[in-house]
Structure formats: structure tokens, C-alpha cells
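Quick note: the coordinates plus some simple rules give every number you see, no bench work behind them. None of the values given here were measured: they were computed from a predicted structure. Positions of Cβ are generated from backbone atoms using ideal geometry, with glycine treated the same way; all protein chains shown enter the neighbour counts.
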Amino acid sequence: MQKYPKVAAVILNYNGQKWLEKFLPFVKKSTYPNLDIIVGDNASTDDSVSYMKQHHPEIRLIINQHNGGYTKGYNDCLKQVTADYYILLNSDIETPEHWIEPVIDLMESDKTIAACQPKIKYYSDKNLFEYAGASGGYMDKYGYPFCRGRIFETLEKDEGQYNSIEEVFWATGACLFVRADIYWQMNGLYEHLFAHMEEIDLCWRMKRAGYKVMVCPQSEVYHVGGGTLHKSNPRKTYYNFRNNLILLYRNLKGPFLFYIILMRLFLDGIAAIKYLLSGEVGNFNAVFKAHMHFYKWNFKYSETIDKPEVKDNKKLVGTYNGSIIWDYFVKGKKHFKDLNI
């Protein structure tokens with residue numbers, strides 16, 4: 001008789017009652033035989049908790065006393081969960097019945113795989129890849145993340161071109177499968193990030209430790225996206241710019257680190273000017289605030305960071321030794337297949 005490892009699908013919810021109503025029934029239809037479904041409520045102010053108690057009393061509900069964002073919210077919840085694998089699952093994702101088995105089979109076949117994601121498709125148009133993770137995450141030499149199937153705002157149509165199982169640089173936090181023991185070996189998510197790019201930081205630390213991060217396109221899920229913060233929201237702009245600088249500082253070292261940071265500050269400045277010229281004053285201010293917070297964070301925390309042994313990204317699978325900004329905006333390379341990876 002086949003032994004199935006214990007899997008816990010943990011949905012972190014913040015004021016997402018409408019998403020729980022719409023998508024939790026899909027998760028409950030999952031066919032994986034050794035599955036716990038858990039909702040972690042991040043101090044919601046809507047009726048999420050009462051809804052769960054009334055309509056899904058059989059689902060375990062963990063209630064956080066404060067909203068610590070994606071990072072602390074998940075860390076606090078997962079400390080109370082016993083499983084071999086965690087699935088960090090966004091509340092705005094539709095899951096088919098057999099979405100878990102292919103990923104767990106892959107991870108069980110290679111114990112060095114620490115994290116994995118399914119193919120992420122766009123809920124509103126299931127022919128398209130979705131922004132948050134598409135078919136696996138990559139990073140260019142300047143620290144800009146992109147995906148197999150999504151570069152900046154260009155979403156490719158899924159025609160099976162990225163159906164191969166691959167080692168990637170990062171797996172999306174929208175639907176992140178992770179070995180529980182390695183999650184805690186890495187000390188979980190870095191809580192200071194709060195939300196956005198925290199999964200890239202976690203995956204980067206895993207890869208530095210010698211583990212693999214994979215994409216398993218034989219499983220696919222459908223993501224609404226922007227369920228908490230839309231990508232045009234200045235607060236999301238703030239988190240993305242701030243957190244990208246922080247994760248670079250945490251995971252690089254030596255002269256290469258300072259070169260990359262200086263380049264990013266310069267390129268972020270260009271992006272800020274572009275926001276201003278486009279009349280997006282909120283996003284302009286968000287970039288400025290992100291940089292100010294980075295300087296403050298650097299002064300307070302930089303001495304406490306355990307620097308990696310690798311000197312730069314080039315030795316890690318899933319990195320692109322080119323500039324995705326140059327390729328996309330100047331050379332017009334809009335699709336992943338056009339890159340020399």
C-alpha cells in the first residue's frame with residue numbers, strides 16, 4: 001500500500017471572505033488522500049471568521065491576533081501545523097481536483113527539492129499564464145525577477161511551450177509547495193519583508209544551502225491575482241521596490257553586492273521619473289519611500305545578516321546573466337523563449 005506523506009494546504013486569509021466563499025470549495029474537492037486543509041486568519045476585520053465557523057466548521061481555523069502580513073502571518077500559522085509538506089496557498093486560486101499529486105510525486109522523487117510550484121494560469125483567461133508565477137521564476141543579473149511565461153506585463157498564451165519540469169530560481173508564493181523541515185531549517189519567511197518577494201528570498205536561501213527549487217507544470221492552478229493589493233497600488237509598488245533591495249542585500253556579498261545595489265538605485269530612479277512623467281505621483285512617492293526604508297533597514301539590520309558563500313548569482317540555476325530590462329524594453333524580447341537562458 002502506497003504511503004502518502006502528510007500535506008497541509010494552508011490558506012492565509014485577510015479580509016478575503018469573498019475568496020473563501022468562491023474558492024475554498026475547490027480546495028475541499030482535492031483528491032490527495034493525506035491532506036489537511038487549514039485557514040489561517042490574519043486578524044481580518046470582515047466576517048471571514050464567522051463565515052468559516054458557520055459554513056466550514058470541519059476546516060481547521062487558526063486565528064492570528066495581529067496582521068503580520070504574508071511573512072509573519074504564515075510563520076505564526078505554520079508553527080501550529082504538523083506536516084511533511086506545506087502548501088502556502090493564496091485564497092484567490094481555483095484548484096483542480098488532482099493539483100497536489102504531481103508536485104508531491106516530483107518532490108518525493110528527489111529529496112534535494114526544497115520547494116516547487118505548479119503552473120500558474122490566469123483565472124479570467126485560462127489560456128494565459130498568470131503574473132504571479134507563470135511556469136517558474138527566474139532572476140536577471142541586476143536582481144529583477146521574471147517568469148517562464150511572463151515578463152513584466154506581458155502574459156504569454158500557454159501552448160504547452162513551458163510544460164517541461166525545470167529547476168528554477170524561485171517558486172511563487174501564490175501556491176508554494178515546501179518541505180516543512182527545510183522551511184524551518186531556513187528559519188521560515190523573513191518577517192521584515194511583510195509581503196511581496198518574500199518567497200524569492202526564501203527560495204534564494206534554499207538554493208544557497210544547496211537545495212533545488214522546481215516548477216511542475218503537470219499541475220496547474222488558476223489565480224485571480226491582486227486579491228489583496230493590485231499591482232498598480234502604490235503600496236504594492238513600495239513593497240516591491242523596498243523588498244527587492246533588501247533581498248539583494250541579504251543574499252549577495254562583496255564588491256558584486258555594492259555594484260548591483262548602486263545599479264538598482266540608479267535604475268529605480270529612472271523608474272521613479274517615469275512614474276512622475278506619467279502622472280503616477282503615488283508610485284513616484286512609493287519608490288522614494290522604499291529607498292528611505294531600505295537605508296534605514298540597512299543601518300539597523302545589515303550587520304546581523306549571515307552572508308552566503310556564493311559571490312554572485314551566476315552559479316545558481318535559474319539566473320539570467322543579462323538585463324531583462326534592456327532585453328524587454330530596448331531589444332523587444334517579450335517572451336521567455338526569446339532569451340538566451
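Using a Gaussian network model of the chain in which every pair of alpha carbons under 10 angstrom is joined by a spring, one finds that among 15, 42, 244 the greatest mean-square fluctuation is at 15. Packing order of peptides 132-145, 154-167, highest average first: 132-145, 154-167 (average count of other Cβ atoms within 10 Å over each peptide's residues). The dipole here belongs to region 6-123: it is taken about the Cα centre, uses +1 on the Cβ of Lys and Arg and -1 on the Cβ of Asp and Glu, and is about 140 debye. Derived scalar couplings between HN and Hα for region 102-108 equal x, 6, 5, 4, 5, 5, 5 Hz in order, rounded to whole Hz, by the Karplus curve 6.51 cos²θ - 1.76 cosθ + 1.60 (θ = phi - 60°), x for Gly and Pro.
For a straight C-alpha distance cut-off of 23 angstrom, the lysines reachable from residue 296 (same-chain residues fewer than eight places away being disregarded) are 72, 236, 253, 307. Under a 5 Å amide H cut-off, with hydrogens placed 1.01 Å from N, residue 40 pairs with 11, 12, 13, 62 among residues at least 5 apart or on other chains. Electrostatic tally near residue 28: other residues with Cβ closer than 11 Å to its Cβ, Lys and Arg +1, Asp and Glu -1, net -1.
Each Cα pair under 8 Å and six or more residues apart adds its sequence gap; the mean of these over the residue count of region 142-231 is a relative contact order of 35 percent. In order along region 16-33, the Karplus-derived 3J(HN,Hα) couplings, from 6.51 cos²θ - 1.76 cosθ + 1.60 at θ = phi - 60°, round to x, 3, 5, 6, 4, 4, 7, 10, 4, x, 5, 4, 5, 8, 4, 8, 4, x Hz, and Gly and Pro are given as x. Placing a pseudo-label 7 Å from each Cα along the Cα-to-Cβ vector at residue 273 and residue 325 gives an inter-label distance of 1.1 nm.
Ellipsoid fit via the Cα gyration tensor, region 118-235: semi-axes of 22, 17, 13 Å, each the root of five times an eigenvalue, largest first. Of the residues 186, 173, 163, the one whose Cα sits farthest toward the positive end of the charge dipole of region 144-211, with +1 on the Cβ of Lys and Arg and -1 on the Cβ of Asp and Glu, is 186. Mean residue ellipticity at 222 nm, helices only, the chain: -11000 deg cm²/dmol; runs of at least 4 DSSP H residues each add -39,500 (n - 2.57), and the sum is divided by the number of residues. Centre-to-centre, using Cα atoms only, region 40-107 and region 117-193 are separated by 19 Å. The stretch between residue 165 and residue 108 holds 19.1 nm of extra length on full extension. This uses 0.36 nm per residue minus the Cα-Cα distance. Packing-based ranking of 61-70, 168-177 yields 168-177, 61-70, ordered from highest to lowest mean Cβ neighbour count within 10 Å. Find the all-direction average of the projected area of the Cα convex hull for the chain, expressing the result in square nanometres with one decimal place. Over every viewing direction, the Cα hull of the chain projects on average to 17.1 nm². Across region 252-260, coupling constants 3J(HN,Hα) worked out from phi with the 6.51/-1.76/1.60 Karplus curve, θ = phi - 60°, read 10, 8, x, x, 4, 4, 5, 4, 5 Hz, and Gly and Pro carry x.
A cut-off of 5 Å between modelled amide H atoms, ignoring neighbours fewer than 5 places along the same chain, links residue 141 with 320, 322, 324. Magnitude of the charge dipole for the chain, about its Cα centre and with charges confined to Cβ atoms of Lys, Arg (+1) and Asp, Glu (-1), is about 940 debye.
Residues whose amide H falls under 5 Å from that of residue 170, counting only those 5 or more places apart or on a different chain, are 137, 138, with hydrogens built in the peptide plane.
Overall, region 138-268 carries a charge dipole of about 460 debye about its Cα centre when +1 sits on the Cβ of Lys and Arg and -1 on the Cβ of Asp and Glu, all other atoms neutral.
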